[in-house]
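Chemist: Before anything else, here's the structure in question.
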């Protein structure tokens, strides 16, 4: 069954909804009164980024592996103006200082797969070291609002690439996220036809999504589902990719089985999520296409701790397989990005994913790169995030020890600086 012809998604309505949600998340008192256009509402000005000098620590550059003792990072208007040895950096006298003596200094980390549904979750993520992130989708476009919250109040949320709502066969109550999705509720077989798939993507793009999230397999985190069961074909995935590309967007794809992974990669997705049973054939295809692998080791490891016996056994069985896939991908040259896939009241520090990357066999520096320079390339943030050099964002992590000797220090930052604001 196809979706009946309809007008394109309404930009007026969706923009109004995003502004209202952003205002609510930011805690502003201004509301968009009924019948009042967004332009008539009280103006909301972006929050000012900070000026700060972080001094005295040991600076690590993930791109080069270079370590600088007694380093200084000068941040002005939220952007790094200079970084390096104290002897080579001019330090302005009138700027607030943050003493980093005894600590290591490195760029804020990037969580390339996280679900941020509330302001509290966004605040937790950034204070645990994820100063940038990519959403793995939300039910009602909360991530779009979190992105705007981060732009206006950078200390409250990571800078975010939002995915909007999940392109999945059964939208459930997500059809209520936008009036332009409601015609899909009458589809007997769910979101499967080319028209229906395009509709969800188009509504996401109209809402301002930065990326599109879809799936090829069922979920591992629900005991009644079979993660190896395929829900979309190669042709259906190709429809999603084509619709996203028309809007200049890439696609991240939830996947588990080798067949599903291969179908997703050859359909043209930008990044493969989870990918427990991805095989060498598909990894070689990913290398050739530049497709990223976001294994979300944290989420799979978490299944083993479940009180549900099915999920616990699934986690114990899947984790060693996924670790081998991660190491194989790395050795083949497939680009890796760190993502926790955390959500709700259990936002996991992105440092935990780096720790599991290290446990999978990557060197400490390469594991760190999956949450800095590698993830920055995936998110289109090269030049903004992932390093502390001139022109990059003033996002700094202070940790208690040498992360090249013990990556576990990344799980508990001593201090986080977001756009020059010490949190």
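Chemist: Express in whole angstrom the spacing between the alpha-carbon centres of region 273-292 and region 69-111.
Modeler: Each part reduced to its Cα centre gives a spacing of 38 Å.
Chemist: To check my understanding: the extent here is largest minus smallest coordinate of the Cα atoms along each principal axis. What are those three numbers for region 249-384, in Å, largest first?
Modeler: That gives 40, 34, 29 Å along the principal axes, largest extent first.
Chemist: Averaged over all directions, how much area does the convex hull of the C-alpha atoms of region 46-199 cover when projected, in nm²? If you can, show how the numbers build up before the last one.
Modeler: Numbers: hull surface 47.1 nm².
That works out to 11.8 nm².
Chemist: A further question on this structure: At a threshold of 8 angstrom on Cα-Cα distance, excluding pairs fewer than six apart, so keeping six or more, what relative contact order does the chain reach in percent? Display every interim value, and only then the final one.
Modeler: Values: 1006 pairs, mean separation 80.8, N = 423.
In percent, rounded to a whole number, it is 19.
Chemist: Of 89, 276, 200, which has the largest mean-square fluctuation in a 10 Å C-alpha GNM of the chain?
Modeler: 89
Chemist: Just need the relative contact order of region 220-336 here, percent rounded to a whole number, with Cα pairs under 8 Å and 6+ apart. Don't skip to the answer; put the middle values down first.
Modeler: Values: 180 pairs, mean separation 26.9, N = 117.
The value is 23 percent.
Chemist: For region 247-299, just the Cα atoms, rotate onto the principal axes and tell me the three extents in Å, largest first.
Modeler: 30, 24, 16
Chemist: Which residue fluctuates the most in the chain, going by a Gaussian network model with Cα springs under 10 Å, if the choices are 316, 369, 127?
Modeler: 316
Chemist: With the alpha-carbon atoms as the only input, what is the per residue convex hull volume for region 201-321 in Å³? Let's see the in-between values first.
Modeler: Values: hull volume 12.6 nm³, N = 121.
Spread over its residues, the Cα hull of region 201-321 gives 104 Å³ apiece.
Chemist: With every atom except the alpha carbons ignored, what do you get for Rg and Dmax of the chain, in angstroms?
Modeler: Every Cα atom of the chain included, Rg and Dmax give 21.5, 69 Å.
Chemist: While we're on this one: Calculate, in nm to one decimal, what residue 317 and residue 289 gain on full extension: separation in residues at 0.36 nm each, minus their alpha carbon distance. Can you show the working numbers first?
Modeler: Working: separation 28, 0.36 × 28 = 10.08 nm, distance 2.94 nm.
Stretched out fully, the residue 317 to residue 289 stretch lengthens by 7.1 nm.
Chemist: What residue among 222, 404, 149 shows peak mean-square fluctuation when the chain is described by a Gaussian network model with Cα springs under 10 Å?
Modeler: Of the options given, 222 has the highest mean-square fluctuation.
Chemist: Specify the inter-centroid distance of region 384-413 and region 126-144, based on alpha-carbon positions, in whole Å.
Modeler: Using only Cα atoms, the two centres lie 19 Å from each other.
Chemist: Another question about this same structure. Taking neighbour counts of Cβ atoms within 10 Å as a proxy for exposure, in what order, fewest first, do 118, 58 appear?
Modeler: Lowest count first: 118, 58.
Chemist: What's the exposure ranking of 293, 166, going from fewest to most Cβ atoms within 10 Å? Walk me through the numbers on the way to the answer.
Modeler: Working: 293 29, 166 22.
Listed from fewest to most nearby Cβ atoms, that is 166, 293.
Chemist: For the pair residue 308 and residue 246, how long in nm is the line joining their label points, each one 7 Å along Cα→Cβ?
Modeler: Calculated label separation equals 3.7 nm.
Chemist: Still on this structure, please answer the following. Would you mind ranking 346, 257 so that the residue whose beta carbon has the fewest other beta carbons within 10 Å leads the list? List each step's numbers first, then the result.
Modeler: Working: 346 10, 257 21.
In order of increasing Cβ crowding within 10 Å: 346, 257.
Chemist: Using a 10 Å cut-off on Cβ atoms, rank the peptides 301-310, 104-113 from the highest mean neighbour count down.
Modeler: Values: 301-310: 14.3, 104-113: 29.7.
Answer by packing, highest mean first, reads 104-113, 301-310.
Chemist: Shifting gears a bit: To the nearest 0.05, how large is the calculated FRET efficiency for residue 67 and residue 224 if R₀ is 45 Å and r is the Cβ-Cβ distance? Please list the in-between numbers first.
Modeler: Details: r = 50 Å, r/R0 = 1.10.
E(calc), rounded to 0.05, equals 0.35.
Bear in mind these aren't lab numbers, they're just calculated from the coordinates by the rules spelled out. Please read these numbers as outputs of a predicted model, since none were measured by experiment. Ideal geometry is used to build each Cβ from the backbone, glycine not excepted, and the neighbour counts take in all protein chains shown.
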